[in-house]
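Submitted below is the structure of interest, expressed as structure tokens.
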Amino acid sequence: MYYSKLFFICAIFFNSVIYSESYIENLEIDATSIVISPKDNQIIFSNNVILDTGKLVLKSDSAIYNELDKTMTLEGLPSSISSLDSSKTFNGNASKIIFFNNSKVQLIGSAVMNYDNINISSNSIIFNPENGKMSSSK
């Protein structure tokens, strides 16, 4: 029961918060440990976390989905994000990657992003994977 709720919550998050429904083909989440914390409104993924949407792959040491603020925070040395969509190729890595509920992704800490042969590095990069716009500030 917890796992079906987990996948339902994560699927809703990725469909409604990060990308349009057509961007998600299949959501697969792999981690050594998955803990659902109802009192904190969080799902915590630990050790070798891989999130695969079919068009996007994220890898990190840990990830936390926060139900209250609708964010997914990945942390690792480094955490990475890669597009598998040939029409929107990008990849990046940072110590922390945060997905916000406004279709923006923030890479924090030694952040590097490559999109359409444009490389940007900064302590903080804001990136919109739907339109490819990048900035180094909010």
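The values are calculated or read from the model by the stated rules, or taken from the named source; none is laboratory data. This structure is a prediction, so every number in the text was calculated from the model and none was measured. Please note: Cβ atoms are built from the backbone with ideal geometry, for glycine as well, and neighbour counts cover all protein chains shown.
Modelled with pLDDT of 90 or more and within 23 Å of residue 82 (Cβ to Cβ), is that true of residue 15? So that I can check it myself, show each step before the final result.
Working: modelled with pLDDT of 90 or more: no; within 23 Å of residue 82 (Cβ to Cβ): yes.
It is false that residue 15 is modelled with pLDDT of 90 or more and within 23 Å of residue 82 (Cβ to Cβ).
Sticking with this structure for a sec: Report yes if some residue within region 40-61 is closer than 15 Å to residue 98 by Cα, modelled with pLDDT of 90 or more and among the aromatic types (Phe, Trp, Tyr); otherwise report no.
yes
Next question. Give me the residue from region 80-127 that is of a type in the set (S, T, N, Q), surrounded by 14 or more Cβ atoms within 10 Å (Cβ to Cβ) and part of a loop (DSSP other than H, G, I, E, B) and, out of that set, modelled with the highest pLDDT.
Here the answer is 89.
Those residues that are touching a residue at least 24 places away in the same chain (Cβ under 8 Å) and within 12 Å of the chain's Cα centre (by Cα), I need them from region 30-54; list them, please.
49, 51, 52, 53, listed by residue number.
Separate question: Determine whether region 94-102 contains at least one residue that is under 29 Å from residue 32 (Cα atoms), in contact with a strand residue (DSSP E or B) (Cβ under 8 Å, 6 or more places away or on another chain) and among the aromatic types (Phe, Trp, Tyr).
yes
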